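The values are calculated or read from the model by the stated rules, or taken from the named source; none is laboratory data. Predicted model, so just to flag it, every value in this text is computed and none were measured. Heads up, the Cβs are rebuilt from the backbone with ideal geometry, glycines too, and the neighbour counts pull from every protein chain shown. Accessible surface areas use protein heavy atoms only, side chains included; no ligands, DNA or RNA. Shrake-Rupley method; radii C 1.70, N 1.55, O 1.52, S 1.80 Å.
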Amino acid sequence: MLEKRYDPKKIEKKWYDFWLEKEYFRAEAKSNKPSYCIVIPPPNVTGSLHIGHALDITLQDVMIRWKRMSGFNTLWLPGTDHAGIATQNVVEKELQNQGTNRHKLGRDEFIEKVWEWKKLYGGTIINQLKSMGASCDWSRERFTLDEGLSRAVKEVFIKLYEEGLIYRGDYIINWCPRCHTALSDLEVEHEDTQGNLYYIKYNFAYESGHITVATTRPETYLGDTAVAVNPRDKRYKDIVGKFVKLPVLNRKIPIIADDFVDSSFGTGAVKVTPAHDPNDFEIAKRHDLPFINVMTGEAKMSEEAGPYSGQDRFECRRNVLSDLEDLGQLEKVTDHELAVGHCYRCKTVVEPYLSKQWFVKIKPIAEEAIKAVRDGQIKIIPSGWENSYFDWMENIKDWCISRQIWWGHRIPVWYCRKCEEIIVSRETPVECKCGSRELKQDNDVLDTWFSSALWPFSTLGWPDDTDDLKTFYPTSVLITGFDILFFWVARMIMMGLKFMHKEPFKHVYIHALIRDAEGRKMSKSKGNVVDPLKTTEDYGTDAFRFTLTAYAAQGRDIKFSEKRVGGYKNFINKIWNIARFISMNTEESGETRPVRELIESGSQTTLTLADRWILSRLSAVCSEVNKSLEEYRFNDSAGTLYQYIWHELCDWYVEMIKPELYGENEESKTAAISVLVHVFEAALGLLHPFMPFITEEIWQQLPCKKTVDSLCIRRYPTADEGIYDKEAEDEMGVVMDAVTGIRSIRGELNISPSLELKALIRTLNSTEDILNANIVYIEKLARGRDIEVGPDIRPPKNAATAIKPAMEIFVPLEGLINIETEINRLNKDLNKTKENLSFIKRKLHSKEFINKAPQAIVEENRVKFKEKNVKLQAIQVSIDKLKKWGKSGDD
């Protein structure tokens with residue numbers, strides 16, 4: 001017997017441990033079943049579960065559990081990412097608190113410290129994924145720095161190098177002075193900032209006069225090697241080829257003409273600083289200009305900065321501006337909006353910086369990846385993201401893959417100190433071709449996303465030709481957020497096609513961003529972040545999972561409200577109560593008879609309209625849920641199940657069969673409880689991928705024949721679980737119309753639910769026979785009495801009316817209510833509601849209230865205003881109806 005109340009804390013761990021013990025999540029390397037595989041987007045080893053992870057995990061688990069139950073050999077491959085910069089930062093902070101740093105420890109000892117940290121804390125996120133019910137094959141868990149993946153990374157680097165697709169060169173990269181490493185363009189977050197445009201005069205070197213350039217970064221003028229103008233700019237056609245002198249430093253630099261220059265920006269003349277601006281870098285290469293690096297990796301000014309050497313970049317800016325002003329070289333300063341790049345990890349302002357880095361020549365690899373999506377080999381869902389994908393891929397730049405940190409895949413390159421030979425090798429080389437053994441390995445590590453790009457095939461055993469690789473590659477679907485479409489998804493497609501000659505997955509499902517209830521982006525500073533662990537603690541994992549699924553509409557951001565989780569907790573309680581209802585009605589009889597057995601034995605004559613209808617609806621719901629999951633319409637599948645279980649099964653069917661359950665006819669009783677158990681058991685199966693814990697708990701105690709030990713491996717319900725019966729659905733529709741019509745009159749007139757209503761129903765077509773045959777249902781569900789049905793019914797005086805497609809329903813009001821009194825009561829309510837509306841409206845029109853009141857209070861008043869407006873309209877409709885019904889009584 002189930003306990004009176006459902007307590008998720010008592011059962012969630014119990015069933016998760018049971019599934020693990022039975023190895024239900026384990027995939028088979030060789031199987032006759034069709035394979036279905038998802039690789040988890042590996043969370044950072046430093047991470048803890050946030051709501052984005054929770055959505056990711058829930059949607060993936062829904063798909064995996066559904067496919068497992070549908071007879072597939074499923075592999076959901078878990079793992080974590082070593083997260084180079086993020087993990088190194090965490091450990092460096094710990095060392096700082098201990099009064100030391102990585103440089104004091106040395107590289108090898110520091111890396112040992114990081115591994116120690118990973119051993120202690122790296123499993124946190126994995127345990128949190130398990131608490132969400134994630135049915136991953138944990139026996140195959142991978143880590144981007146484990147031995148197998150490290151081998152794959154090395155193999156890819158070397159093959160790309162041998163093909164000339166990896167090269168080392170001087171290039172302008174994004175540099176984080178705090179993390180001391182290069183960042184790819186995708187790792188830089190730009191913030192719109194109110195800055196300045198500084199107009200600096202550069203005097204001609206050999207004659208009087210000057211040219212004025214405009215810049216947002218005056219400290220970098222110390223590295224200028226030219227001034228550029230557009231060749232079509234007539235203002236400057238006579239000075240191209242002349243020289244100017246840099247203020248303070250007095251270095252002579254030429255004036256050049258280049259098509260890149262925008263004549264409308266500033267004065268139309270721009271400073272060219274090749275070592276500190278990517279566009280200037282390209283100009284310098286075209287004009288063979290020198291590169292002068294005036295900053296160090298710590299964002300301090302180098303010796304090339306002359307008198308400003310050693311100064312911090314922002315201190316230098318202040319001093320440069322002061323000196324220029326003293327020299328009369330600062331013409332003016334204007335306001336200017338600019339997008340300032342920040343490190344995505346530590347939020348430090350990034351510097352464009354000239355340094356020697358390793359790059360992937362990515363454009364040749366990108367061509368196949370563009371074709372794969374364009375030709376439909378890979379389908380991105382929703383399809384609107386395909387345009388973003390094409391736009392980025394068609395304008396892709398070479399990928400800077402070297403990072404100046406210690407934690408990560410060290411670049412497999414060695415340099416000979418004697419002859420400067422570069423050796424790229426799978427194994428540590430002993431000596432150079434010149435015979436020297438003085439070899440030094442490159443200090444840099446690879447970008448974290450380099451190893452992540454290989455995830456779909458490296459995790460399955462590549463470069464070895466493993467059974468896992470043969471069985472599960474290409475994988476089936478990748479489910480992830482749009483924020484890593486370019487960071488990760490595009491790179492996986494490129495690498496998968498390059499090294500496996502097959503796409504890494506068939507489908508990419510991009511889920512929406514989760515915002516707060518008001519549609520604002522979640523952030524700690526706003527205090528609107530939802531903690532998934534606290535939410536599951538308060539409401540249970542199943543309620544939280546179902547909420548996320550119900551929200552997951554394609555192409556629409558999620559406005560997350562905790563109230564909705566509470567609503568689905570009520571749904572869980574409803575399911576629990578139905579299970580208890582079944583339990584109480586089968587205590588004596590024990591296991592119920594299978595429905596098919598009832599039908600085959602000839603007992604189908606005892607199946608009522610309600611039985612036939614709920615079995616037919618089950619057939620349709622099975623089809624709808626399977627179809628919506630096939631199309632990644634998660635919210636539709638959740639909505640269909642909610643509607644079926646709460647409304648059709650609980651609100652209608654259970655109420656309709658109570659006369660049979662409590663009656664004396666044993667055959668009818670057996671049929672009713674057997675059908676109820678059948679459809680409820682199937683509903684639990686349908687619901688299991690969304691709510692795995694409660695469904696398993698109830699299913700295990702359900703009094704029906706079972707052929708497997710767990711719901712998680714029960715065959716997923718399909719249309720043949722029910723019995724399609726159009727006639728029953730049509731007839732039931734007529735009965736439901738009659739019931740809802742009488743109920744709507746009761747509700748509009750505020751008549752007590754305990755009061756039985758007399759009703760007259762004027763019918764059209766063949767509905768008379770259907771209603772008369774099922775009058776017992778109508779009287780029970782609508783709390784009606786003396787219901788008359790027929791095509792010749794005449795509307796009585798003083799009657800409330802409800803019109804349905806095949807009938808008109810009349811409820812005589814005499815003795816029920818006094819229409820005049822009810823109108824007066826509603827008018828008082830109407831006036832009170834108008835006063836409330838007027839008060840709220842005044843507040844919302846007050847600038848002082850809008851500006852000073854907390855945002856949550858303002859939003860609360862807006863919601864109240866909408867609710868009161870709806871109430872006002874509803875009251876007015878009721879008054880108008882009463883007046884109309886009153887007039888019909890006077891005729």
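Observations on the structure shown:
- Qualifying residue in segment 347-365 (condition: touching a Leu at 6+ places or on another chain (Cβ under 8 Å), open to solvent by 70 Å² or more (accessible area, probe 1.4 Å) and part of a helix (DSSP H, G or I)): no
- Residues within segment 315-332 that are open to solvent by 70 Å² or more (accessible area, probe 1.4 Å) and under 18 Å from T216 (Cβ atoms), tallied: 5
- Of all residue pairs spaced 6 or more apart or on separate chains, those with beta-carbon atoms under 6 Å, a first member in segment 715-741 that is over 16 Å from E624 (Cβ atoms) and touching a residue at least 40 places away in the same chain (Cβ under 8 Å) and a second member that is among the small types (G, A, S) and outside any loop (DSSP other than H, G, I, E, B) are D725/S616; A728/S616; V739/A782; G741/A802.
- Unique residue being at pLDDT below 80 and not basic (K, R) when the list is S838, S846, S888: S888
- Considering segment 172-187, and only residues there that are modelled with pLDDT under 80 and more than 18 Å from V90 (Cβ to Cβ), the residue that is surrounded by the most Cβ atoms within 10 Å (Cβ to Cβ) turns out to be L186.
- Among the residues making up segment 393-406, those that are assigned to a loop (DSSP other than H, G, I, E, B) and either open to solvent by 60 Å² or more (accessible area, probe 1.4 Å) or closer than 21 Å to V360 by Cβ (or both) are N395, I396, K397, D398, I401, Q404, I405.
- Answer residue from segment 431-455, given it is among the hydrophobic types (A, V, I, L, M, F, W, C) and open to solvent by 10 Å² or more (accessible area, probe 1.4 Å) and is nearest to L497 (Cα to Cα) among those: W449
- Hits in segment 1-30 - residues which are open to solvent by less than 40 Å² (accessible area, probe 1.4 Å), under 24 Å from D137 (Cα atoms) and of a type outside the set (V, I, T): P8, E12, W15, Y16, W19, Y24, F25, A27, A29
- The single residue among T216, T225 that is at pLDDT 95 or above and not hydrophobic (A, V, I, L, M, F, W, C) turns out to be T225.
- All positions within segment 504-527 that are open to solvent by 50 Å² or more (accessible area, probe 1.4 Å), touching a residue at least 60 places away in the same chain (Cβ under 8 Å) and in a strand (DSSP E or B): K506, H507
- Residues that are open to solvent by 30 Å² or more (accessible area, probe 1.4 Å), closer than 26 Å to Q96 by Cα and hydrophobic (A, V, I, L, M, F, W, C) do not occur anywhere in segment 126-141.
- Taken over segment 548-559, residues that are surrounded by 21 or more Cβ atoms within 10 Å (Cβ to Cβ) and either in a helix (DSSP H, G or I) or not aliphatic (A, V, I, L, M) (or both) amount to 4.
- Selection count, segment 773-797, where residues are in contact with a helix residue (DSSP H, G or I) (Cβ under 9 Å, 6 or more places away or on another chain), part of a loop (DSSP other than H, G, I, E, B) and surrounded by fewer than 17 Cβ atoms within 10 Å (Cβ to Cβ): 4
- Selection status of Y36, closer than 22 Å to L460 by Cα, hydroxyl-bearing (S, T, Y) and either surrounded by fewer than 21 Cβ atoms within 10 Å (Cβ to Cβ) or over 19 Å from the mean Cα position of the chain (by Cα) (or both): yes
- Restricted to segment 605-633, and to residues there that are surrounded by fewer than 20 Cβ atoms within 10 Å (Cβ to Cβ) and not in a helix (DSSP H, G or I), the residue that is nearest to the chain's Cα centre (by Cα) is R633.
- Candidates are the residues of segment 407-422 that are of a type outside the set (G, A, S) and open to solvent by less than 30 Å² (accessible area, probe 1.4 Å); the one that is farthest from H180 (Cα to Cα) is C416.
- Which listed residue, of V90, V62, is over 30 Å from G685 (Cβ atoms) and touching a Ser or Thr at 6+ places or on another chain (Cβ under 8 Å): V90
- Flag if L197 is touching a strand residue (DSSP E or B) at 6+ places or on another chain (Cβ under 8 Å), open to solvent by less than 60 Å² (accessible area, probe 1.4 Å) and assigned to a helix (DSSP H, G or I): no
- Filtered residues of segment 798-832 (kept if farther than 26 Å from E867 by Cα and open to solvent by 80 Å² or more (accessible area, probe 1.4 Å)): I803, P805, E814, G815, N818, E820
Yes/no matrix, rows are residues, columns are (1) closer than 29 Å to A27 by Cβ; (2) touching a strand residue (DSSP E or B) at 6+ places or on another chain (Cβ under 8 Å); (3) not aromatic (F, W, Y):
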{"position": "G99", "(1), (2), (3)": "no, no, yes"}
{"position": "E116", "(1), (2), (3)": "no, no, yes"}
{"position": "M132", "(1), (2), (3)": "yes, no, yes"}
{"position": "E141", "(1), (2), (3)": "yes, yes, yes"}
{"position": "A152", "(1), (2), (3)": "yes, no, yes"}
{"position": "K159", "(1), (2), (3)": "yes, no, yes"}
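- Single residue of A550, A512, A579 found to be closer than 30 Å to K658 by Cβ, in contact with a Gly (Cβ under 8 Å, 6 or more places away or on another chain) and among the hydrophobic types (A, V, I, L, M, F, W, C): A550
- Within the set G747, G722, G733, the sole residue that is closer than 22 Å to S619 by Cα, surrounded by fewer than 20 Cβ atoms within 10 Å (Cβ to Cβ) and among the small types (G, A, S) turns out to be G733.
- Residue match in segment 59-75 (condition: in a helix (DSSP H, G or I) and open to solvent by 30 Å² or more (accessible area, probe 1.4 Å)): no
- Number of the condition not met by L95 [criteria: (1) open to solvent by 10 Å² or more (accessible area, probe 1.4 Å); (2) free of Cβ contacts under 8 Å to residues at least 60 places away in the same chain; (3) not β-branched (V, I, T)]: (1)
- Qualifying positions in segment 248-292 - in a loop (DSSP other than H, G, I, E, B), surrounded by 21 or more Cβ atoms within 10 Å (Cβ to Cβ) and of a type outside the set (A, V, I, L, M, F, W, C): T273, P274, H276, D277
- Any chance N44 is in contact with a Cys (Cβ under 9 Å, 6 or more places away or on another chain) and surrounded by fewer than 24 Cβ atoms within 10 Å (Cβ to Cβ): no
- Checklist (1) modelled with pLDDT of 95 or more; (2) part of a helix (DSSP H, G or I); (3) in contact with a Lys or Arg (Cβ under 8 Å, 6 or more places away or on another chain) applied to L95, failing item: (1)
- Residue within segment 664-671 that is part of a helix (DSSP H, G or I), closer than 24 Å to D737 by Cα, of a type in the set (A, V, I, L, M, F, W, C) and touching a residue at least 60 places away in the same chain (Cβ under 8 Å) present: no
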